[in-house]
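Accompanying notes for the structure given below.
The values are calculated or read from the model by the stated rules, or taken from the named source; none is laboratory data. Worth saying up front: this structure is predicted, and the values here are computed from it rather than measured. Note: ideal-geometry Cβ built from the backbone for every residue, glycine included; neighbour counts use all protein chains shown.
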Amino acid sequence: MTIQIGDHIPSVELHMMIDGAPGAISSDEIFAGKKVALFGLPGAFTRTCSAKHLPGFVQNADALKAKGIDTIVCLSVNDAYVMGVWGETQGVGDKVMMIGDGSLNFTRATGMESDMNAKGFGLRCQRFSMVVEDGVVKTLQIDPSGTFEKTSAETLLAEL
């Protein structure tokens, strides 16, 4: 079952680049005591993800933080290295935390997996966005597979 508004974020291990090397980080560490804008997407370096989804959150980072967001997190089923390099090529800097969910720990625990085997992509994450306060989902938007309509930074910003 897909995570819902009011649910707690599952406690899972995720990965990101830390001091130039891949390292583990718990979801508890990311979400505890913070108001987080989290968005998930099917894959780094993919067309819509690179042209629209991630850039929208980078461009709107200051506006999101002005509305009370402490941390902006991008999650994809890629590994920490890929997420780190993608963040560099997109000019993310410290605006967005680039989190790899290569083992689908978070994606499966939240019911956000999307089977893209028919396209040769394997299991991926659905495109989603949410606001999480102290580990509890406050808003949630999920785009149907192959679309980018409800999960943009602009939509999330309007919800705040």
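Structure notes:
- Number of the condition not met by residue 5 [criteria: (1) in contact (Cβ under 8 Å) with a residue 24 or more places away in the chain; (2) more than 19 Å from residue 138 (Cα to Cα)]: (2)
- Of all residues in region 86-143, those satisfying the criterion of being free of Cβ contacts under 8 Å to residues at least 60 places away in the same chain, assigned to a strand (DSSP E or B) and either in contact with a helix residue (DSSP H, G or I) (Cβ under 6 Å, 6 or more places away or on another chain) or closer than 26 Å to residue 18 by Cβ (or both) are 113, 123.
- Condition broken by residue 71, with the remaining ones in (1) crowded, with 21+ Cβ neighbours inside 10 Å; (2) closer than 21 Å to residue 31 by Cα satisfied: (1)
- Once region 118-131 is narrowed to residues that are surrounded by 15 or more Cβ atoms within 10 Å (Cβ to Cβ) and not aliphatic (A, V, I, L, M), the residue that is farthest from the chain's Cα centre (by Cα) is 124.
- Filtered residue count, region 11-27, keeping only those that are surrounded by fewer than 15 Cβ atoms within 10 Å (Cβ to Cβ), more than 18 Å from residue 88 (Cβ to Cβ) and in contact (Cβ under 8 Å) with a residue 40 or more places away in the chain: 1
- Qualifying position, being surrounded by 16 or more Cβ atoms within 10 Å (Cβ to Cβ) and farther than 20 Å from residue 155 by Cβ, among 101, 94, 134, 115: 101
- Residue check for residue 144: over 15 Å from the mean Cα position of the chain (by Cα) and at negative phi: yes
- Considering only residues in region 30-43 that are farther than 19 Å from residue 61 by Cα and either within 15 Å of the chain's Cα centre (by Cα) or crowded, with 21+ Cβ neighbours inside 10 Å (or both), the one that is modelled with the lowest pLDDT turns out to be 43.
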